[in-house]
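Comments concern the structure below.
The values are calculated or read from the model by the stated rules, or taken from the named source; none is laboratory data. Quick caveat, the model's predicted, so the values are computed rather than measured. Here the Cβ positions follow ideal geometry from the backbone for every residue, glycine too, while neighbour counts run over all protein chains shown. Keep in mind that these areas ignore ligands, DNA and RNA; they rest on the heavy atoms of the full protein, side chains included. Shrake-Rupley method; radii C 1.70, N 1.55, O 1.52, S 1.80 Å.
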Amino acid sequence: MFRRIASANAEMVMIEVDGVPVTARRGESVAAALLASGLSIARETPVGGVPRTPYCMMGVCFDCLVTIDGIGSRQGCLVSVEDGMRVSIQKGRRALA
Amino acid sequence: MGLGREYDVAVVGGGLLGSSLAWGLGRLGQRVVVLDEGDIAKRASRANFALVWVQTKGLGLPEYTSWTLRASETWEQLAATLETETGLDVCFRRPGGFHLALGDREMELRRDVLARLHNQPGAADYRTELLDHAGVRKMMPEIGPEVAGGSYCPYDGHVNSLRVFRALHTAFGHQGVDYRPDHAVTAISGNNGAFHLTTRHGEIVAGKVVLAAGNANAMLAPMVGLSAPMEPNRGQIVVTERAAPFLHFPMTTLRQSDEGTVMIGDSKEDEIDDRAHHMPIDVMMANRAVRMFPKLAALNVVRAWSGIRVMTRDGFPIYDQSESHPGAFVVCCHSGVTLAPNHAFDIAPMIASGVLDEAVVGAFSARRFARPSGERAA
Ligand SMILES: Cc1cc2nc3c(=O)[nH]c(=O)nc-3n(C[C@H](O)[C@H](O)[C@H](O)COP(=O)(O)OP(=O)(O)OC[C@H]3O[C@@H](n4cnc5c(N)ncnc54)[C@H](O)[C@@H]3O)c2cc1C
Ligand code: FES
């Protein structure tokens, strides 16, 4: 559904989403990369268990929470992608390892 | 109305105490008005740690041990009644609770406190056990190596205290209890079945008046010949993001809520400004929590707050009826979450009948402050 605006000098990086390699564009947010990935990226909220995807893309709604490199509940729209980043989609409450 | 007044009872203060009492009175068919401050008031009832706590209560006043035990034993009934009336589950759980000791020195201190509590003549038996590291580990396998041991009491539990607050207020609607926010009481006059309470929206007349205004009782009580010497203090609490259930027992300074957040508490400072918040205190509390449960280090902190405790001068509750102004009562305590069922099921009927039962609550009269005082409550 989401497509990146074409750009001649875009530099791509590789991230991992729940173990699946995903190509992202340097400079974009984790939330943007997830939306563009075509994967099913809805998290499930910890109390009601309802699905949520990134919404405001500007740090306000907290619907974009994801685990990034092992740290849970980060706002994906406020973190830029980096090569090798490991993202996981939160389903309900996180179990502590 | 018949007696020239609208209400049987005016409850001053709509925190957990005022609300539990008003709910209890409403159940008895009393016509009740609750006069409260506005939304921005400082309420201990919105800032607490939500333990229903028994194991160290009552050092210095043995009557407080049986009073606390009675609350623990009737909490289930309060939770069930509220759920029937409002459909809200307040998540009361009583798996028993721990107080953990980090290092041998803290373990010794714990042993000493428990021995003193146990040896008090007239104290209720809390069945508290002292366990060493291995003993605690059997029940909570995830403790860290620094935990020397801890005490376990089967009567300890916890609840969702904000939900309790909400359930009581929801029940007001069904009972016809008239809740009036933004009605701070500034003066009280009258006597003998017709108390006049001044608010900025006019005067309220009621047959009886119950002062349940937390620390403000100190100021209101003398208006009706009562006294409530208060020494409030402040506590800070730190809250983490939600995690899958892994702390299966509430602890004095650590518990996981029904919705998954981990609450880390609660400090005690001789300061009563709840807008100030001291980061070093949060850091120390969080550090202790991680030493108790190393896994906690993986969780993000999402909130922290300060709250002002409603605290009488010796830490024990005050329940009194005025001698000069019969029908005027004062009710205040720390541990208003723990004691909520007693306020609803015991104190409310006493107020309705006009007599505080000496045998049950006589020890909690503020007259004790005229005598040399005992020890502080834990
Ligand atoms: C950090 C912290 C941790 C705690 N942890 C626990 C715990 O784990 N377990 C437990 O059992 N207890 C705990 N407590 C204690 C518990 O929260 C309190 O005992 C309880 O909330 C007191 O309720 P209250 O209604 O007396 O006081 P408050 O909640 O302070 O309410 C007083 C009410 O009176 C109103 N008021 C004041 N002046 C007037 C006036 N002139 N006219 C009308 N209304 C007025 C205020 O607006 C307020 O609504 C804790 C408290 C704190 C601060
Ligand atoms: S999408 Fe709204 S906060 Fe990130």
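Kindly evaluate B:LEU220 against the criterion of being outside any loop (DSSP other than H, G, I, E, B), surrounded by 20 or more Cβ atoms within 10 Å (Cβ to Cβ) and hydrophobic (A, V, I, L, M, F, W, C).
Against the criterion (outside any loop (DSSP other than H, G, I, E, B), surrounded by 20 or more Cβ atoms within 10 Å (Cβ to Cβ) and hydrophobic (A, V, I, L, M, F, W, C)), B:LEU220 qualifies.
In this structure, does B:GLN236 turn out to be within 14 Å of chain A (Cβ to nearest Cβ) and either away from ligand 2 (no atom under 16 Å from the Cβ) or hydroxyl-bearing (Ser, Thr, Tyr) (or both)?
no
Condition check: closer than 19 Å to B:VAL337 by Cβ and of a type in the set (Val, Ile, Thr). Does B:VAL136 satisfy that?
Here the answer is no, as B:VAL136 does not meet what is asked.
Right, B:ARG127: within 28 Å of B:MET285 (Cβ to Cβ), surrounded by fewer than 20 Cβ atoms within 10 Å (Cβ to Cβ) and not assigned by TED's automatic domain parsing to the domain that holds B:TRP23 or not?
When the stated conditions are applied, B:ARG127 does not pass them.
Which ranges mark the strands (runs of 3 or more DSSP E) fully within segment B:1-115 that have 3 or more residues being touching a residue at least 60 places away in the same chain (Cβ under 8 Å) and either over 30 Å from B:ALA148 (Cβ atoms) or open to solvent by 30 Å² or more (accessible area, probe 1.4 Å) (or both)?
Per the criteria, B:7-12, B:32-35.
When residues of segment B:241-273 are filtered for being assigned to a strand (DSSP E or B) and modelled with pLDDT of 95 or more, how many remain?
Matching residues across segment B:241-273 total 8.
Could you grab me the full set of residues in segment A:77-96 that are away from chain B (no Cβ under 14 Å) and surrounded by 17 or more Cβ atoms within 10 Å (Cβ to Cβ)?
Across segment A:77-96, the qualifying residues are A:CYS77, A:VAL81, A:MET85, A:VAL87, A:ILE89.
Just a yes or no: is a residue in segment A:61-80 within 11 Å of ligand 2 (Cβ to nearest atom), β-branched (Val, Ile, Thr) and touching a strand residue (DSSP E or B) at 6+ places or on another chain (Cβ under 7 Å)?
So far as segment A:61-80 goes, yes, one or more of its residues are within 11 Å of ligand 2 (Cβ to nearest atom), β-branched (Val, Ile, Thr) and touching a strand residue (DSSP E or B) at 6+ places or on another chain (Cβ under 7 Å).
Taking only segment A:23-59 into account, find how many residues are open to solvent by less than 70 Å² (accessible area, probe 1.4 Å), of a type in the set (A, V, I, L, M) and without any contact (Cβ under 8 Å) to a residue 24 or more places away in the chain.
Counting residues in segment A:23-59 that are open to solvent by less than 70 Å² (accessible area, probe 1.4 Å), of a type in the set (A, V, I, L, M) and without any contact (Cβ under 8 Å) to a residue 24 or more places away in the chain gives 2.
Under the condition of being surrounded by 13 or more Cβ atoms within 10 Å (Cβ to Cβ) and either of a type in the set (Gly, Ala, Ser) or farther than 16 Å from B:ASN300 by Cβ (or both), which residue from segment A:60-76 is farthest from ligand 1 (Cβ to nearest atom)?
For segment A:60-76, the residue satisfying everything is A:GLY76.
With respect to A:VAL20, is the statement that it is at pLDDT 95 or above, within 14 Å of the chain's Cα centre (by Cα) and open to solvent by less than 20 Å² (accessible area, probe 1.4 Å) true?
Answer is no for this residue.
I'm told A:ILE5 meets every condition in (1) over 26 Å from B:GLY260 (Cα atoms); (2) at pLDDT 95 or above except one. Can you identify the failing condition by its number?
(2)
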